[in-house]
Amino acid sequence: MNTDSSNVYTRYAGELAELEASNNLRHLPVIEDDSLINLASNDYLAINDNKELINSFLSSYQWDSHSMSSVSSRLLTGNHKEYQLLERCLDNFLPGRRSLVFTGGFHANQGIMQALMGKTDLIIADKLSHASIIDGLRLTEATVLRFRHNDMTHLEHILSENRSKYDSCMIVTEGIFSMDGDIASLQQIAQLKEKYNALLYVDEAHSFGIRGRDGRGICDELGVLDNVDLLMCTLGKAIGSTGAFVSTNDTIRNYLINRCRTIIFTTALPPVNCAWTRHVIEHLSDPKMNEARANLKAMAEKLSLAINGKVGESQIIPYITGDVNLAIEKCNDLREHGFYALPIRYPTVAKGTERIRLSLKANITEPQVNEIINLLAH
């Protein structure tokens, strides 16, 4: 290895040592015990545990006629027919809209704003938006302003002071926020979007599949879907697959195909993943899925009320310790009793708000929730 860069290696090593000293050094965890009840995943509908759904797909998929990789971008030879079938399925699931599948939610959030918004445009984003949104904001040439989390007065102030100075404006928010599990004030945001002639971009990573009619998301649940210009939904969380899609209109879809770098310059998803995603989407309205969503809601409300003193807004329940060492200690205690949870540390969350992010799955039982409550209470 070239040692001419020894100074920078020393700097890296020093930063790593500082992280370790403050208990903020990250490691890639290895899950060695599959029997642990997972409280740290985003598999909200427990799709990965659904053997019936998995087996029905494995028995029906024509493996001998499909390759295992797309081996190029969609604009070259990677736009397999499974892509068209999946996007048609998504269009049927969200009627009146057009879908465009990406390789992942991070890719979608990085690429879409950069493609659509330029030097004469304004983007206004919630202060607690996900890291992928923040990276997308950094890549765009548009002016970027941030409004205080879920503060509609502050959002309107920014709009009234700045909207007239720019050609186009886009408001960006998550539907359900990934660290606190709270819901954006989407009905008020939709009103402001119309009042100030702005585009509305909503990231439904943590709500698609589990909220709204048959899992159509929180925008559907709150009746604002028609106000949303770009609905970004991940497929690697509640859907139990991989990839993401944006649900929009024909004009924006075609523009993104021609201008979005994370579509143009990345290898397409393997056909098998597109087929599996379609299989799951086609089953979202099954009675068993509705039962799963109902159980998830009930168990999340019970757990949140017990540990936070209030009914939470989603399946993501923060148990805030305010101290990374205490968060680690509680995670270890949970693991000793059969539950897998991880501490959330700075800089993922602000210093002083370190926590355990309890992310429930639809197959969790009431006795299991009661045990989690008892473990966290001591």
| said: Show me the three semi-axes of the equivalent ellipsoid for the chain, from the C-alpha gyration tensor (sqrt of 5 times each eigenvalue), largest first, rounded to whole Å. | reply: 31, 28, 24
| field | Order by protection proxy (mean Cβ within 10 Å, highest first), peptides 306-315, 8-17 | value | 306-315, 8-17
| request: Would you mind telling me the share, in percent, of accessible area of the chain contributed by carbon and sulfur at probe 1.4 angstrom? | output: 49
| With all protein chains modelled, accessible area of Cys89 [1.4 Å, Å²] | 20
| remark: Answer in debye to the nearest 20: the dipole magnitude of segment 225-366 about its Cα centre, from +1 Lys/Arg and -1 Asp/Glu charges placed on Cβ, is 300
| remark: extent check for segment 33-100: Cα max minus min per principal axis, descending, whole Å, gives 43, 34, 23
| message | Please compute the per residue accessible area over the chain with all protein chains in place, 1.4 Å probe, rounded to a whole number of Å². | response | 47
| Cross-link list Lys193/Lys351; Lys165/Lys193; Lys127/Lys361: which exceed 24 angstrom alpha carbon to alpha carbon? | Lys193/Lys351; Lys127/Lys361
| When the Cα centres of segment 17-80 and segment 103-181 are compared, how far apart do they sit, in Å? | 29
| message | Taking a ≥ b ≥ c as the square roots of the Cα gyration tensor eigenvalues, with a/c under 1.5 meaning rounded and otherwise prolate when a/b beats b/c, else oblate, which class fits segment 258-378? | response | oblate
| request: For segment 338-346, just list the computed ³J(HN,Hα) in residue order, Karplus coefficients 6.51, -1.76 and 1.60, θ = phi - 60°, integers in Hz, with x standing in for Gly and Pro. | output: x, 10, 9, 9, 10, x, 10, 10, 5
| request: Per DSSP H run of at least 4 residues, take -39500 (n - 2.57); add these up for the chain, divide by its residues and hand me the 222 nm value, nearest 500 deg cm²/dmol. | output: -12500 deg cm²/dmol
| request: Identify all aspartates and glutamates with a Cα-Cα distance to Lys310 below 20 Å; exclude those on the same chain that are fewer than 8 residues away in sequence. | output: Asp180, Asp182, Glu301, Glu354, Glu366, Glu371
| Mean projection area, nm², convex hull over Cα of segment 220-321 | 9.5
| field | Between segment 242-320 and segment 362-378, the Cα center-to-center distance that results, in Å | value | 25
| Accessible-area ranking of Leu342, Leu200, largest first, probe 1.4 Å | Leu342, Leu200
| note | With all protein chains in place and a 1.4 Å probe, Thr77 shows an accessible area in Å² (nearest 10) of 110
| task | Taking the Cα centre of the chain as origin, work out the dipole magnitude from +1 charges on Lys and Arg Cβ and -1 charges on Asp and Glu Cβ, in debye rounded to 20. | result | 820
| task | Starting from 0 in steps of 10 Å, tell me what percent of the Cα-Cα pairs of segment 251-309 lands in each bin. | result | 18, 21, 25, 24, 12, 0
| Percent RCO, i.e. relative contact order, over segment 245-378, from Cα pairs under 8 Å lying at least 6 residues apart | 23
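The values are calculated or read from the model by the stated rules, or taken from the named source; none is laboratory data. No experiment lies behind these values; they were computed from the predicted model shown. Reconstructed Cβ throughout: ideal geometry from the backbone, glycine too, with neighbour counts over all protein chains shown. Ligands, DNA and RNA are stripped out before the accessible areas are found, and what is left, the full protein with its side chains, is counted by its heavy atoms. Shrake-Rupley method; radii C 1.70, N 1.55, O 1.52, S 1.80 Å.
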